[in-house]
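Input: a single structure, listed below in structure tokens.
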Amino acid sequence: MDRSGAERVWRALSAVAIVAACLAVAVVIGEAVLGPDIGPLLAPFGGAGLAAAVLAATGRARPGSPDDRTDPGRAGRSALLAATAPASLSGLAQVLREGTGAAHAEVWLAVPGGLAAQSGPERAASLTDLLLRPDVDHALPVVDDGELRAVLTLGKPGRPVTAADRTLVAEVGSGAGLLLRVVARGAELRSRVARAGELARETEASRRRLGRAREVERRRLVGELGGATTDRLVAFRTAVTDAGESIDEGLEEPEDDRDEATELARHHLETARERLEELLDRFRAIARGVHPAVLRDQGPRAALEEIIADLPRAVHLSGRLTDRLPWEVESGLYYAAASALGLLGGRSGDEPLELDLEQTDDRAEVRLIDAEADPDATREALADDADRLAALGGSLETHVDDAGRTVLRARLPIQLSPLVEAGATR
């Protein structure tokens, strides 16, 4: 290699060493000042600025200098400095081309499924496939923190790859490790920001679904309480009033003729007692629907047995959940099944309903089968229950089986976990 070539290589190597040292100092200081989570992500940008200042101070990077037009090594150093910005890696390839005189130099980034050329759409399935390419005469894998980040390649058709070329590629690869870590961290940060936005949208949609479900439940409770207080209280009040009137009429009669009035008053009081018992039973049913004590004490099957006992339609209950599950899971399945039973079992039918409980390794399910139900009407009537289960990460599906029966499946994961994926911090 002639003197000018050696000088170009030396200048390129010194620029690489300065950039690598500045990046290393910035990362160490960033981790110490900003912490291990934020420091490695932001500090390299400061390192790029520090490298630019050092190169300018040492006279190794003078933008607009005439030497930049005549000295390929100095132009290569400027390209390497530009490459410290994570948005561009083209400066690395330029340093390799100018420092080695190669016809082709490329930075291949490690991506899922193989390697991708930084300068174009070309891809390689593996490092072996990359080495078999006719335009690759020398390749250096860049490994950072035990992970393959990239591969630097040279193509010198008709000319040998010299020891000086290999040294330059090794030096550039050493400095490129930090740069590629910045690129990877930047991509990871962008991915996490995008994921955070997606989770925010999912959370807002879930909040809206839960708001609708709460409103539906509020209206249902208002209707239930209105029915209990309006119809049954009116009947109770009427019976008590009739009993009082009968007693008043009896007091106006001669003592010997009061037996009939007494009997009539007794009849009205008996009616009032029956209406009061109906009212209390209805309040107990409403209380069970809001917070069933049996569900918490004995589980979904026992709580559903209570509901089935009060239905006018026969229900065949089978299966059970093998384990006690978190309250959110048990109550979610119970309320969905209770709504379906109230809808389909609240009226008499020729065929009994079939209700089955099942638990697998990761999911719990309640299945209700009705040979007489309209699937579309059922799906529409249970839309709010489907929203409640969806908010918990489950589903409520309605379909028709081969026998023409309507099948409802309420499913929930056994462990409700957040959607946020835990990321490793280095």
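Taken together, the values in this text are just the output of simple stated rules run on the coordinates, not laboratory data. In this text, all values refer to a predicted model and were calculated from it rather than measured experimentally. No Cβ is skipped: glycine too gets one built from the backbone with ideal geometry, and neighbour counts run over all protein chains shown.
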query: Which percent of the Cα-Cα distances in the range 296-416 go past 20 Å?
result: 37
- request: Quick one: give the max-minus-min coordinate of the C-alpha atoms of the range 279-359 along each principal axis, largest first, in Å.
  value: 35, 30, 16
- prompt: Going highest first, how would you order 104-113, 331-340 by mean Cβ packing within 10 Å?
  reply: 331-340, 104-113
message: Let me check the size of the range 326-379 from its C-alpha atoms; what are the radius of gyration and Dmax in Å?
response: 12.4, 37
message: Could you order the peptides 273-281, 151-159 from most to least packed, using the average number of other C-beta atoms within 10 Å per residue?
response: 151-159, 273-281
